[in-house]
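One structure is given here, and the rest of the page talks about it.
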Amino acid sequence: MSADPDKVVSASEVSIFQSGQTILDNISFSIEKGEFVFLIGRTGGGKSSLLKTIYADLPLQMGQMYVAGHAIHSIKRKEVPILRRKIGIVFQDFQLFPDRNVTDNLMFVMKATGWKEKSKMKTRLTEVLIRVGLGSAALKMPYQLSGGEQQRVVIARALLNEPALLVADEPTGNLDPEVSRGIFKLFQEINRSGTTVLMATHDHELVKNNPARILKCENRELLDSAKEDFDLSTSIY
Amino acid sequence: MADIKQRKKKKLGSYPFVSVILSICLALFVIGLFALLVIHTNKLTEIIKENVEMQVYLNKDITDNQRIQIQKTLSSREYTSEKNGEIQISFISKEEAAEDFIKETGEDFSKFIGENPLRDAYTIKIAPEFHGEDQMKEIQADIQSLNGVFEVVYIPSLVASINENVTLISFWLLGIAALLMIAVVLLINNTIKLALFSQRFLIRSMQLVGAKRGFIQGPFLRRSVLHGLIAGLFASGMLYLLLRLANDRVPELSSLQDQTMILAIFAGLLVLGAMIGFISTFRAINKYLNMSLDELY
């Protein structure tokens with residue numbers, strides 16, 4: 001198996017282990033460029049482990065996986081930052097730095113990922129803030145923003161390096177339903193502009209109301225709505 | 001006020017540095033002390049070694065020919081040292097010896113003894129490679145066997161006892177320095193661990209957005225090198241003050257000091273401080289960066 005340029009993620013006969021236990025056993029799947037995919041399953045069912053494997057935080061010990069052209073099964077430590085620059089990560093607990101304003105938060109990430117030219121950095125900063133609908137929040141401190149606005153800044157931060165894949169783990173978990181809808185719409189807009197989105201969620205309604213491909217972690221297997229039908233409700237909670 | 005404190009930016013790589021600087025400084029001070037002891041001792045033994053002598057007293061009835069023969073023999077022996085192409089042998093006649101004695105003691109013994117009881121003598125300086133106790137005895141026996149020699153006398157060299165004491169002191173100083181170094185490495189290790197722990201969210205965010213290791217390590221390493229240099233500077237300052245104090249108390253000590261060597265020691269301490277800081281921090285930060293963040297929690 002080699003990297004397919006049309007696929008952002010492709011996994012073949014992958015088994016994922018954590019603390020000596022098999023979490024997912026012999027799974028194979030792929031995600032095409034520009035797809036929107038939900039990842040669902042019980043807590044402890046393997047969603048986070050699968051995401052961690054995708055962004056090379058959890059070593060892949062069995063099987064083969066390619067993400068954005070990188071072979072995860074044989075990835076070298078030096079290569080990991082390069083992979084992560086191609087993946088935008090949005091987490092519930094992946095917070096903004098409370099001690100600096102929105103601009104500084106984003107600038108810091110750009111510096112950390114090798115941006116050098118000030119003018120290009122400023123242009124990119126403005127672009128991503130406008131894209132998430134926060135063009136006027138550049139100088140605000142995180143505590144001056146609502147939860148939904150903070151999550152938009154986190155998404156802006158994930159978009160800085162024009163990722164091939166946007167990975168979101170429970171991005172609306174802490175938000176009220178109305179704000180959640182707004183954030184989800186933003187993900188859809190980002191997806192429409194060509195970015196692949198993989199979103200792990202527990203939000204039953206969200207999955208039901210927004211038809212998209214669904215991957216479900218259940219009993220150490222990965223079910224794929226593109227290949228088979230399965231019941232959503234029992235799998236989510 | 002609390003608000004201002006809260007808004008102060010967390011600097012990546014900052015850690016409580018006072019204890020680290022103090023520990024490195026202490027270790028460097030002891031190492032510097034050891035180095036100073038070594039250069040002082042070397043100079044002292046060099047001076048002593050250059051002045052190890054043997055007195056060769058001649059028979060009273062010796063003829064000039066015999067005396068010259070002895071001088072020739074002594075000059076040709078390889079144990080007689082040579083300095084700037086000159087054989088280190090000198091002759092003191094019994095008259096000169098008597099004069100010197102009278103000058104030194106103020107008593108004219110010839111008045112009550114009636115004759116000069118002293119003898120003609122040669123003084124030879126022994127080359128440093130023949131300073132061993134057994135070798136000195138062999139030389140003594142060799143000269144004693146020459147026709148016309150009455151007695152051969154030498155003062156056992158101080159070099160052996162100096163070396164013995166210096167070895168003992170060096171052993172202790174190096175032992176203390178080694179212990180301090182271990183303490184420094186452990187302290188830096190724990191300090192870096194705490195710093196990484198307190199900055200784990202910042203580091204996790206950087207790792208997740210794709211910051212390279214160098215970007216995370218850089219600030220820690222730069223700071224630790226700076227702290228090592230500061231510690232080296234303090235240690236050099238303390239040693240300088242100690243030297244000045246010692247020179248005030250024992251003025252002869254300055255004759256054993258070589259300014260260039262002392263400056264080289266101070267420069268060495270700065271470099272060593274920076275190296276200790278860099279290597280310990282590099283080791284510690286790599287150890288913790290290789291952990292997953294779950295483990296660091």
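If we scan the range B:58-73, do we find a residue that is among the hydroxyl-bearing types (Ser, Thr, Tyr), within 26 Å of B:SER161 (Cβ to Cβ) and out of contact with any His (no Cβ under 7 Å at 6 or more places or on another chain)?
Step one: of the range B:58-73, the residues among the hydroxyl-bearing types (Ser, Thr, Tyr) are B:63, B:73.
Still in the list and also within 26 Å of B:SER161 (Cβ to Cβ): none.
Taking every residue of the range B:58-73 in turn, none turns out to be among the hydroxyl-bearing types (Ser, Thr, Tyr), within 26 Å of B:SER161 (Cβ to Cβ) and out of contact with any His (no Cβ under 7 Å at 6 or more places or on another chain).
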Qualifying positions in the range B:139-149 - surrounded by 12 or more Cβ atoms within 10 Å (Cβ to Cβ) and either over 21 Å from B:LYS94 (Cβ atoms) or not assigned by TED's automatic domain parsing to the domain that holds B:TYR79 (or both): B:ILE139, B:GLN140, B:ASP142
Counted residues in the range A:128-175 being more than 20 Å from the chain's Cα centre (by Cα) and of a type in the set (D, E, K, R) come to 1
Residues of the range A:182-220 being out of contact with any Gly (no Cβ under 7 Å at 6 or more places or on another chain) and assigned to a strand (DSSP E or B), which ones? A:VAL197, A:LEU198, A:MET199, A:ALA200, A:ARG213, A:ILE214, A:LEU215
Among residues of the range A:91-109 being modelled with pLDDT of 90 or more and crowded, with 21+ Cβ neighbours inside 10 Å, the residue farthest from the other protein chains (Cβ to nearest Cβ) is A:VAL102
Qualifying positions in the range A:34-65 - at negative phi and either surrounded by fewer than 16 Cβ atoms within 10 Å (Cβ to Cβ) or part of a strand (DSSP E or B) (or both): A:PHE36, A:VAL37, A:PHE38, A:LEU39, A:ILE40, A:THR43, A:PRO59, A:GLN61, A:MET62, A:GLN64, A:MET65
Can you tell me which residue in the range B:197-225 is farthest from A:ILE89 (Cα to Cα), limited to those that are more than 7 Å from every other protein chain (Cβ to nearest Cβ) and β-branched (Val, Ile, Thr)? B:VAL225
Somewhere in the range B:151-171, is a residue of a type in the set (A, V, I, L, M), away from every other protein chain (no Cβ under 14 Å), crowded, with 16+ Cβ neighbours inside 10 Å and in contact with a Lys or Arg (Cβ under 8 Å, 6 or more places away or on another chain)? yes
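From the list A:VAL179, A:VAL154, exactly one residue is farther than 19 Å from A:ALA56 by Cα and touching a helix residue (DSSP H, G or I) at 6+ places or on another chain (Cβ under 6 Å). Which is it? Break it down stepwise before answering.
Working: A:VAL154 fails: touching a helix residue (DSSP H, G or I) at 6+ places or on another chain (Cβ under 6 Å).
Answer to the selection: A:VAL179.
Out of A:LEU106, A:LEU129, A:LEU96, which single residue is assigned to a helix (DSSP H, G or I) and either closer than 27 Å to B:GLY214 by Cα or touching a residue at least 60 places away in the same chain (Cβ under 8 Å) (or both)?
On the way: A:LEU129 fails: either closer than 27 Å to B:GLY214 by Cα or touching a residue at least 60 places away in the same chain (Cβ under 8 Å) (or both); A:LEU96 fails: assigned to a helix (DSSP H, G or I).
Only one candidate passes the filter, namely A:LEU106.
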Note on the range B:104-123: residues assigned to a helix (DSSP H, G or I), among the charged types (D, E, K, R) and closer than 22 Å to B:PHE91 by Cβ are B:GLU104
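If you check B:ALA235 against the conditions, is it among the small types (Gly, Ala, Ser) and surrounded by 15 or more Cβ atoms within 10 Å (Cβ to Cβ)?
Working: among the small types (Gly, Ala, Ser): yes; surrounded by 15 or more Cβ atoms within 10 Å (Cβ to Cβ): yes.
Criteria met by B:ALA235.
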Looking at the range A:71-82 only, could you name the residues that are within 14 Å of chain B (Cβ to nearest Cβ) and surrounded by 20 or more Cβ atoms within 10 Å (Cβ to Cβ)? A:PRO81
Being buried (at least 22 other Cβ atoms within 10 Å of the Cβ) and among the hydroxyl-bearing types (Ser, Thr, Tyr), is that true of even one residue in the range A:134-154? no
Given (1) closer than 24 Å to A:ASN219 by Cα; (2) in a loop (DSSP other than H, G, I, E, B), number of the condition A:ASP25 does not satisfy: (2)
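On the given criteria, is B:LEU74 in contact (Cβ under 8 Å) with a residue 40 or more places away in the chain, in the same structural domain as B:TYR57 (by TED's automatic domain parsing) and either loosely packed, with under 15 Cβ neighbours inside 10 Å or closer than 16 Å to B:GLU53 by Cα (or both)? Break it down into steps so the answer makes sense when it comes.
On the way: in contact (Cβ under 8 Å) with a residue 40 or more places away in the chain: yes; in the same structural domain as B:TYR57 (by TED's automatic domain parsing): yes; either loosely packed, with under 15 Cβ neighbours inside 10 Å or closer than 16 Å to B:GLU53 by Cα (or both): yes.
Here the answer is yes, as B:LEU74 does meet what is asked.
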Subset tally (residues that are surrounded by fewer than 17 Cβ atoms within 10 Å (Cβ to Cβ) and farther than 21 Å from A:GLU32 by Cβ) for the range A:159-177: 4
Within the range B:124-141, which residues are in a helix (DSSP H, G or I), within 22 Å of B:GLU86 (Cβ to Cβ) and not hydrophobic (A, V, I, L, M, F, W, C)? B:PRO128, B:GLU129
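Mind counting the residues in the range A:109-126 that are in a helix (DSSP H, G or I) and either farther than 16 Å from B:ARG204 by Cα or free of Cβ contacts under 8 Å to residues at least 12 places away in the same chain (or both)? Walk me through it before giving the result.
Here is the first cut: in the range A:109-126, the residues in a helix (DSSP H, G or I) are A:109-112, A:118-126.
Right, trim to either farther than 16 Å from B:ARG204 by Cα or free of Cβ contacts under 8 Å to residues at least 12 places away in the same chain (or both) and you get A:111-112, A:118-126.
Residues meeting the conditions: 11.
The values are calculated or read from the model by the stated rules, or taken from the named source; none is laboratory data. Just so you know, these numbers come straight off a predicted model, no measurement behind them. Cβ atoms come from the backbone with ideal geometry, glycine included; neighbour counts cover every protein chain shown.
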